Amino acid sequence: MGQRNEKLRWQLVSGVLQALHLERLTDKYPHSVVMAVFNLINSGISIALVAVVALITQEAFIFPSLGATAFILFYVPLSQPASPRNALCGHFIGATMGLVGLYLFGLQDAPSAMANGVDLARVGAVAVAMGLTGSLMVGLNLAHPPAGATALIVALGLMPNPAQLPVLMAGVLMLLVHAFIMNRLAGIPYPFWRAGTAKPAKVARANAQGQPEAR
């Protein structure tokens, strides 16, 4: 699995560079340097796009756990946690269970833990939110690790308003659209919804394009 992911990561980088007519960079510089710089630029662009929308609308489209999601989408694009299904449903579960924790302990109108510190009610809220998020993701086969952070963000009172949930999900969706475009541009069969639904021929072709030896 590790070797397969390495091949896919190199395919993403080399495929995008080829589409931009910059493939000569893969011969001029070590592959590790090319991949590091590519991830620097690509991750920055993906989050910047969402942040610009947040700036224009003054809505909470950007939140910390999106950074972890962006890393997974481009680092292991064909893994189950990176699929649109798991990313969208995982963050939805995390945010919803965070709200459950807030309301269960009467903290929906309280200042955030960052402003007011942590008390016993907040301890209960985060424990319930994280516990329910983990159990539901495992039980429903919707594992997406960054969603655990989303549950804590909400339960800590940083995004306590239920009206923010659609905005939060829109931020995840924008990130997924960018990941879909970049991965497909590189020839990686990133799924429309569920991992493993790409045509076998496309997956075999993606796996066959190995990473050359690093210099």
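Residues in the range 102-116 that are more than 11 Å from G157 (Cα to Cα) and of a type outside the set (F, W, Y): L104, G106.
Okay, residues lined up against (1) within 17 Å of the chain's Cα centre (by Cα); (2) of a type outside the set (K, R):
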{"position": "L142", "(1), (2)": "yes, yes"}
{"position": "T150", "(1), (2)": "yes, yes"}
{"position": "A163", "(1), (2)": "no, yes"}
{"position": "R194", "(1), (2)": "yes, no"}
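Select from the range 113-134 the residues that are β-branched (V, I, T) and either touching a strand residue (DSSP E or B) at 6+ places or on another chain (Cβ under 8 Å) or assigned to a helix (DSSP H, G or I) (or both) and write down the one among them that is surrounded by the fewest Cβ atoms within 10 Å (Cβ to Cβ). Here the residue is V123. Out of L99, L12, L55, L17, one residue alone is surrounded by 16 or more Cβ atoms within 10 Å (Cβ to Cβ) and at pLDDT 80 or above. It is L99.
Which residues, taken from the range 137-151, are over 19 Å from F71 (Cα atoms) and crowded, with 20+ Cβ neighbours inside 10 Å? Selection gives M137 alone.
Just one of the listed residues (V138, V76, V53) is in contact (Cβ under 8 Å) with a residue 60 or more places away in the chain, within 30 Å of E6 (Cβ to Cβ) and among the β-branched types (V, I, T), and it is V76. (1) under 17 Å from L88 (Cα atoms); (2) surrounded by 14 or more Cβ atoms within 10 Å (Cβ to Cβ); (3) of a type outside the set (D, E): which one isn't true of L104, the others all being true? For L104, the exception is condition (1).
Kindly indicate whether V37 is modelled with pLDDT under 80 and surrounded by 17 or more Cβ atoms within 10 Å (Cβ to Cβ). Answer is no for this residue.
Counting the residues of the range 152-168 that are in a helix (DSSP H, G or I) and surrounded by 16 or more Cβ atoms within 10 Å (Cβ to Cβ) gives 8. Taking into account only those residues within the range 62-85 that are in a helix (DSSP H, G or I) and polar (S, T, N, Q), which is nearest to the chain's Cα centre (by Cα)? Across the range 62-85, the extreme among qualifying residues is T69. Listed residues L168, L142, L88, L156; which is touching a Cys at 6+ places or on another chain (Cβ under 6 Å) and not aromatic (F, W, Y)? Just a single option satisfies the conditions, and that option is L142.
The rows are residues; the columns are (1) closer than 29 Å to V16 by Cα; (2) in a helix (DSSP H, G or I).
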residue	(1), (2)
L55	yes, yes
A60	no, no
A87	yes, yes
T96	no, yes
P111	no, no
L136	no, yes
G148	no, yes
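Just one of the listed residues (G171, G187, G210, G148) is at pLDDT below 95, under 28 Å from A51 (Cβ atoms) and touching a helix residue (DSSP H, G or I) at 6+ places or on another chain (Cβ under 8 Å), namely G171.
The values are calculated or read from the model by the stated rules, or taken from the named source; none is laboratory data. Treat the numbers as computed from the prediction; the structure is a model and nothing was measured. Methodologically, a virtual Cβ is constructed for each residue, glycine included, from the backbone with ideal geometry; neighbour enumeration extends over all protein chains shown.
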